[in-house]
Amino acid sequence: MPYTTESNDIDIQGLSIILPTFNEVGSIETIVSSLLELTNQYRVEILVVDDDSQDGTSDLVRKLARQDSRIKLIQRVGRSGLASAIKEGLIAAIYPFAIAMDSDGQHQPSSVLAAVDHLHHGAELVIGSRFLINSEIHGLSERRTEGSNLANRLARWSLPNNYCHLTDYMSGFLAMDLERCNQLIRGVDVNGFKFLYELLAISKGKLRTTEIPLNFQPRLHGSSKLDYAVLWDFVISLIHTALFRLLPRRAISFGLVGVSGVVVQLIITSLVMTLGLSFQQALPIAVISAASSNYLINNSLTFKDRRQYGQRLLKGLLKFLIVASLPSLANIGLATVFYNLVQANAVVAQLSGIFVVYIWNYAASSRFVWNTP
């Protein structure tokens, strides 16, 4: 719902600015210097939350922090992801008003003052929008802009009606009153597509929100981190919200990947049977192939924050196949019995076995392969 312009008389003591970073050594010093100069009328802290960058970002921020006590570094090892970095920074913030923004130069520091002014006048959440009438976009290709527009339409459909006036649910620039938003921040699913989208979804339309126009610029350094895994996260977020957030996000992702494994198994069974093997001979080959496919896709998408590489990837595949071996045998046994005694239909027979193994594979592989609770 739009906020009212009546002041809430909050006596702001200072401002916390959260800058998530991953390999931003070429831009972070410029951004930090601009923010400190712009906000010299506030008591300010700048929290740089770095995902263990390998380009020297954390070393540079550490050097800057020794020179200026307003700069603080949170260097994360074994934890990663934009949403979790924003959440961790906001929870660590010491001041009642906080800003989270990109550290690549695409968000102009001048937007900070406009956002804080709206917080002073009663807004609980202020979003920097690329799509308001007065906004300017210089840092997105036409293809990216079209993709963002589509994502915003889908997000508007899936979120509470009180937020239908918003124009940029995908924004990475947000300001908030932490006294009002703190409990919601703690409830944000950090495996979600966008921190803002998840915050709006769990707030159930109760936050007083408004938007300010952004002058969206090209990156100062490096390239965009948008990839297929981010797009997959958005699809999972939409399904998660549509299902009233009753199922874990990873369970939904694991299930969708499992559907692709079903397709792989059916195709390989059919192909091998055309080579002259019987259904009983073709099925084990197809099941192992489908399990391997599921592992590789889940490693890239469902468990991307714990993604395994090199020798660990091969060891993980071996663990996954061992974990899946008992339900795979059940899959083969049930499918064979169904094929021989109920209906000689290879597709239906396999589906009856596949359904049995899903829950075991998800629970066991989450714990023993990717070490998640």
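Looking across Gly89, Gly78, one residue alone is at pLDDT below 95 and within 22 Å of the chain's Cα centre (by Cα). It is Gly78.
Kindly indicate the residue of the stretch 247-290 that is in contact with a helix residue (DSSP H, G or I) (Cβ under 9 Å, 6 or more places away or on another chain) and not in a helix (DSSP H, G or I) and also farthest from Val357 (Cα to Cα) among those meeting that condition. My answer is Leu275. None of Ile297, Ile267 is modelled with pLDDT of 90 or more and either exposed (fewer than 14 other Cβ atoms within 10 Å of the Cβ) or touching an Asp or Glu at 6+ places or on another chain (Cβ under 7 Å) (or both) except Ile267. What's the number of the condition Ser69 fails, among (1) out of contact with any Leu (no Cβ under 9 Å at 6 or more places or on another chain); (2) without any contact (Cβ under 8 Å) to a residue 12 or more places away in the chain; (3) over 28 Å from Arg186 (Cβ atoms)? So Ser69 meets the others, but not (3).
Conditions: (1) under 18 Å from Trp360 (Cβ atoms); (2) buried (at least 19 other Cβ atoms within 10 Å of the Cβ). Val259 meets all but one. Number of the miss? All conditions pass for Val259, except number (2).
For the stretch 114-130, which residues satisfy the criterion of being in contact with a helix residue (DSSP H, G or I) (Cβ under 7 Å, 6 or more places away or on another chain) and of a type in the set (A, V, I, L, M, F, W, C)? Matches in the stretch 114-130: Leu125, Val126, Ile127. Look at (1) more than 29 Å from Ala155 (Cβ to Cβ); (2) under 21 Å from the mean Cα position of the chain (by Cα); (3) not in a loop (DSSP other than H, G, I, E, B) and you find that Gln308 fails only one, number (3). Being of a type in the set (D, E, K, R), part of a loop (DSSP other than H, G, I, E, B) and under 18 Å from Phe195 (Cα atoms): is that true of Asp52 here? Answer is no for this residue. Taken together, Val188, Val259 contain a single residue that is among the hydrophobic types (A, V, I, L, M, F, W, C) and in contact with a Lys or Arg (Cβ under 6 Å, 6 or more places away or on another chain), which is Val188. The single condition among (1) in a loop (DSSP other than H, G, I, E, B); (2) under 30 Å from Glu24 (Cβ atoms); (3) not hydrophobic (A, V, I, L, M, F, W, C) that Ser237 does not meet is (1). Name every residue in the stretch 141-166 that is in contact with a helix residue (DSSP H, G or I) (Cβ under 7 Å, 6 or more places away or on another chain) and either under 24 Å from Ser103 (Cβ atoms) or outside any loop (DSSP other than H, G, I, E, B) (or both), in order of residue number. Hits for the stretch 141-166 are Ala151, Leu154, Ala155, Ser158, Tyr163. Here Lys206 meets each of (1) under 26 Å from Leu15 (Cβ atoms); (2) assigned to a helix (DSSP H, G or I) with one exception, condition (2). Of all residues in the stretch 46-66, those that are in contact with a Leu (Cβ under 8 Å, 6 or more places away or on another chain) and either small (Gly, Ala, Ser) or closer than 12 Å to Ile18 by Cβ (or both) total 7.
Condition check ((1) within 21 Å of Leu38 (Cα to Cα); (2) within 24 Å of the chain's Cα centre (by Cα); (3) without any contact (Cβ under 8 Å) to a residue 40 or more places away in the chain) across all residues:
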{"position": "Ala114", "(1), (2), (3)": "yes, no, no"}
{"position": "Leu119", "(1), (2), (3)": "yes, no, no"}
{"position": "Glu124", "(1), (2), (3)": "no, yes, no"}
{"position": "Leu132", "(1), (2), (3)": "no, no, no"}
{"position": "Ser135", "(1), (2), (3)": "yes, no, no"}
{"position": "His138", "(1), (2), (3)": "no, no, no"}
{"position": "Thr145", "(1), (2), (3)": "no, yes, yes"}
{"position": "Asn149", "(1), (2), (3)": "no, yes, yes"}
{"position": "Pro160", "(1), (2), (3)": "no, yes, no"}
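The values are calculated or read from the model by the stated rules, or taken from the named source; none is laboratory data. This one's a predicted model, so the numbers in the text were calculated from it and none came from an experiment. Every residue, glycine among them, receives a Cβ derived from its backbone with ideal geometry; neighbour counts consider all protein chains shown.
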